[in-house]
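**Q** One structure coming up, written as structure tokens, with questions to follow.
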Amino acid sequence: MKNTKHALRWIAGLGLALSLAGMAQAVEVGGIKFDDTVKVGGKELKLNGAGIRVRVVVKVYALALYLPEKKTTTAGVLESPGPRRFTLGMLREVTGDELGQAFVAGITANTDKAERSKFVNQLAQLGETFVNIPQAKKGDIITVDWLPDTGTVMMLNGKPLGEPLKDVAFYNAMLKIWLGDKPVDSSLKPEILGAKS
């Protein structure tokens, strides 16, 4: 009888531990923890993939992509309906100006002149947004959400950055920094697409 009670308590405890573990799952990339799911625009998004942006030998940031459903191709990600999010967890200090220049260079490398001509105002607005960040410090979190009724909303450590950018094509142009034909880091692209575990 004593053993039965002990066994039942042990099983109940194990069940609780497993259910808590299931709720609190997170992926750690470069010391930055990314949740398996996030709520964006009232919808639950799943972690599609995550990896580290390395420039020469320096780890710059950890990047995670969240979508309503997992996608393994660039086209699938860009066509994904509803809200989306990508998150940068800074692994070193970078000025806002440096970040802005890197974003613009990545967009320029992965879009043609005709596409960019449609984004002139949004590119300027993006540059302004980054200039207003004096310094992104190690451990800072930048989230960039696509909300269909609002546009692209950027936040630094949960605080809004600039005004929403209205065009989904511009959000996709930002995603192409990592997922386009000339990704800023070719080893990061398959990780974001969930091709590497």
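The values are calculated or read from the model by the stated rules, or taken from the named source; none is laboratory data. As the structure is a computational prediction, the values presented were derived from the model and not from experiment. Here the Cβ positions follow ideal geometry from the backbone for every residue, glycine too, while neighbour counts run over all protein chains shown.
**Q** Would you mind stating whether Thr111 is polar (S, T, N, Q) and in a strand (DSSP E or B)? Outline the logic, then answer.
**A** On the way: polar (S, T, N, Q): yes; in a strand (DSSP E or B): no.
For Thr111, the condition - polar (S, T, N, Q) and in a strand (DSSP E or B) - is not met.
**Q** Can you find a residue that is in a loop (DSSP other than H, G, I, E, B), over 21 Å from Asp36 (Cβ atoms) and either polar (S, T, N, Q) or in contact with a His (Cβ under 9 Å, 6 or more places away or on another chain) (or both) anywhere in the range 134-153?
**A** Just the residues of the range 134-153 that are in a loop (DSSP other than H, G, I, E, B), to begin with: 134, 137-140, 148-150.
Applying the additional criterion that residues be over 21 Å from Asp36 (Cβ atoms) yields 134, 137-138, 140, 148-150.
Checking which are either polar (S, T, N, Q) or in contact with a His (Cβ under 9 Å, 6 or more places away or on another chain) (or both) leaves us with 150.
So far as the range 134-153 goes, yes, one or more of its residues are in a loop (DSSP other than H, G, I, E, B), over 21 Å from Asp36 (Cβ atoms) and either polar (S, T, N, Q) or in contact with a His (Cβ under 9 Å, 6 or more places away or on another chain) (or both).
**Q** Please find, within the range 170-189, the residue that is nearest to Thr108 (Cα to Cα) out of those that are surrounded by fewer than 18 Cβ atoms within 10 Å (Cβ to Cβ) and touching a residue at least 60 places away in the same chain (Cβ under 8 Å). Talk me through it step by step, then tell me what you get.
**A** Quick first cut of the range 170-189, residues surrounded by fewer than 18 Cβ atoms within 10 Å (Cβ to Cβ) only: 181-182, 186-187.
Still in the list and also touching a residue at least 60 places away in the same chain (Cβ under 8 Å): 181-182, 187.
Working: Asp181: 12, Lys182: 10, Ser187: 20 Å.
Selected residue: Lys182.
**Q** Something else: For the range 57-84, name all the residues that are touching a Gly at 6+ places or on another chain (Cβ under 8 Å) and either among the polar types (S, T, N, Q) or assigned to a strand (DSSP E or B) (or both).
**A** Across the range 57-84, the qualifying residues are Lys59, Tyr61, Ala62, Leu63, Ala64, Leu65, Thr72, Thr74.
**Q** Applying the selection to the range 41-82, what residues are in contact (Cβ under 8 Å) with a residue 60 or more places away in the chain, more than 12 Å from the chain's Cα centre (by Cα) and under 17 Å from Met154 (Cα atoms)?
**A** If the condition is that a residue be in contact (Cβ under 8 Å) with a residue 60 or more places away in the chain, more than 12 Å from the chain's Cα centre (by Cα) and under 17 Å from Met154 (Cα atoms), then Gly41, Gly82 are the ones that fit.
**Q** Which residue, of Glu128, Glu115, is closer than 22 Å to Ser186 by Cβ, surrounded by fewer than 21 Cβ atoms within 10 Å (Cβ to Cβ), among the charged types (D, E, K, R) and modelled with pLDDT under 95? Outline the logic, then answer.
**A** Numbers: Glu128 fails: closer than 22 Å to Ser186 by Cβ.
Unique residue meeting the criteria: Glu115.
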